[in-house]
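First up is the structure itself, then whatever we jot down about it.
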Amino acid sequence: MNRADPSSSTYTTFDAVVVGAGFAGLYMLYRLRQLGLRVRAYEAGDGVGGTWYWNRYPGARCDVESMQYSYSFSEDLQREWHWTERYPQQEEILRYINHVADRFDLRRDIQLETRVIKAVHDEKNSQWTVLTDRGDKVVTRFLISAAGCLSAGRVPDITGLDSFKGKWFHTGNWPHEKVDFTGRRVGVIGTGSSGIQAIPVIAREAAQVVVFQRTPNFSIPAWNRPLTEEEQLAWKAKYPEHREKARRTRSGILYEYSQRATNDVNEEERQQEYERRWKRGGANFTHAFNDIFINRESNDKAAEFVRNKIRCTVKDPKVAELLSPNDHAIGTKRICVDTDYYETFNLEHVSLVDLRATPIQEIVPAGIRTDAATYELDAIVFATGYDAVTGSLDRIEIRGRGGKALKDKWSEGPRTYLGLMTAGFPNLFFITGPGSPSVLTNVVVAIEQHVDWISRCLQHMQAEDLDVAEPMAAAENEWVAHVNEVADKTLFPSTKSWYMGANVPGKPRVFLPYVGGFGNYTSICEEVVAEGYRGVRFGSANAAKDRAAVDEAFSMPHR
Ligand code: N01
């Protein structure tokens, strides 16, 4: 694809610009093409795949089962793709995404190694002017963010990192070539989903692994295994039925959602149920009873079962206690799904440092210095997470009506209508944006639902000869209030988590996703459409194209 000449004053025109070419960007591109629109997707990576392109850390694997973590929009695609394991590895998911890009001939509209850095709405012409780090200057009617919820990685600001003599890595931006830890002393900071997956695999190679833990997390075994041909065929035979059912569930995933409350059964039955789910593996565990997310006592019972499992698995009782979470309700931080995580702490060469007791003071040339000791290391792995949900949008300067920056509008927390749009920013759409179920779901299902909604909205605009769509402030206010109201009925806001923005210093403490359930959310979105896009104001653009106004909006001299 030809690259832009940064010195050129020429603006390329598209009907729609999509930011990102992961699961969301690819499917959006596919649907926009079906609408006959001229589209360009910009992708920062040198390949498609988004999160699954960047997250190549050892052990990276999805915690949603393969048969469900895939697109459903093409019956042929879902029948022909062959998954090899119960939970898919990063490498296999990336292969799948590349297959999709080729199968639907999507690459010709994707510009790789290009980051969108600025987008300004030009009210006069009702269009967006978009600027990339490669010097592209683009004018587009619609701007669609497929930038991802977990793509803005965070390396904590620890004094002395620059002085470290060894190598350091962030799990979310892992090198493409294999990192060989054989014979190395490796420090891992962070024990969320990424750390919990990476630690056992790194420990297979490394001479020594030191895990720096601030907060222990709950983890359920994956019991990953190869998928048999029979299992796949049986699932595929009922794919449409399975998909339809999944779309009506709380998380877009076919789990066993219990209809029983924790106290509906006696202690013996309760323990049997936890045990049965533990043996089945995965996040299904947190649906053992229907009040785990809303009743602290019920939650404590499920949490205690997991703590007991940790005590039974980890031989050193002190280490077991440190690994046992007791400061948050199970499930209110993303539940982890692991292979041999707790077992790894029985290995001689693996040790655990409790950062609560002995915080990190600094990174020194030889390693990491805490209050208690200096740990000499050859490599440091930061499994320290993301500026989630809003981070990828914050990194783009997005200006709407009156030049108002999105970042300023959201300074006290994101405000959206259905997580799809925000008032004051016409024709800007978010895929899995804040205020939508997004990270609480099988995100591929959430992506498809959002892309389909946006496509339908654009189709409606085409049919009615409308150019502008923008949510009404009142509808947005109502939605934000509803998002908070449903979150407040759960245990989620009681926990300091990235769902609450609590992992980023200075980020407003607002519950970011919509916890009212994916099925309910989808019904609301459908009702909005049935009621003529209730809460969305449509309009026609001023037809005159005024180049000077575009330049003015972009603060760029017209050459
Ligand atoms: O990040 P996290 P992640 N000093 O934010 C610690 C998805 N995902 O990359 O809790 C010391 O969960 C931090 O400690 P604390 C999934 O949705 C999915 O692991 O802030 N420690 C925490 O332990 C997941 O939830 C999959 O006290 C510091 C860790 O780093 C999301 O991505 C796999 C620190 C960060 O955990 C993010 O997971 C991987 C500091 N200064 C990821 N700063 C699957 O599908 C942070 N920490 C399986």
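A short reminder: the numbers here are calculations on the coordinates, not readings from a lab. No experiment lies behind these values; they were computed from the predicted model shown. Quick reminder, even Gly has a Cβ in these numbers, built from the backbone with ideal geometry, and neighbours come from all protein chains shown.
Tell me yes or no: at least one residue of the range 185-208 is more than 26 Å from the chain's Cα centre (by Cα), assigned to a helix (DSSP H, G or I), surrounded by fewer than 19 Cβ atoms within 10 Å (Cβ to Cβ) and away from the ligand (no atom under 11 Å from the Cβ). Yes.
If the requirement is being in contact (Cβ under 8 Å) with a residue 12 or more places away in the chain, farther than 23 Å from Arg61 by Cα and touching a Lys or Arg at 6+ places or on another chain (Cβ under 8 Å), which of these qualifies: Arg260, Arg248, Arg270, Arg225?
Just a single option satisfies the conditions, and that option is Arg270.
Residues that are touching a residue at least 24 places away in the same chain (Cβ under 8 Å) and more than 16 Å from the chain's Cα centre (by Cα) within the range 487-504 comprise Ala487, Lys489, Thr490, Leu491, Phe492, Ser494, Thr495, Lys496, listed in sequence order. Only a single item in (1) at negative phi; (2) away from the ligand (no atom under 16 Å from the Cβ); (3) not in a loop (DSSP other than H, G, I, E, B) is not met by Val445, and it is number (2). Within this structure, Ser126 passes the test of being polar (S, T, N, Q) and on the phi > 0 side of the Ramachandran plot. Scanning the range 72-111 for residues that are crowded, with 17+ Cβ neighbours inside 10 Å and of a type in the set (A, V, I, L, M) returns Ile93, Leu94, Ile97, Val100, Ala101, Leu106, Ile110. The residues of the range 376-424 that are within 16 Å of the ligand (Cβ to nearest atom) and in a loop (DSSP other than H, G, I, E, B), listed by number, are Leu377, Ala383, Thr384, Gly385, Asp387, Ala388, Val389, Thr390.
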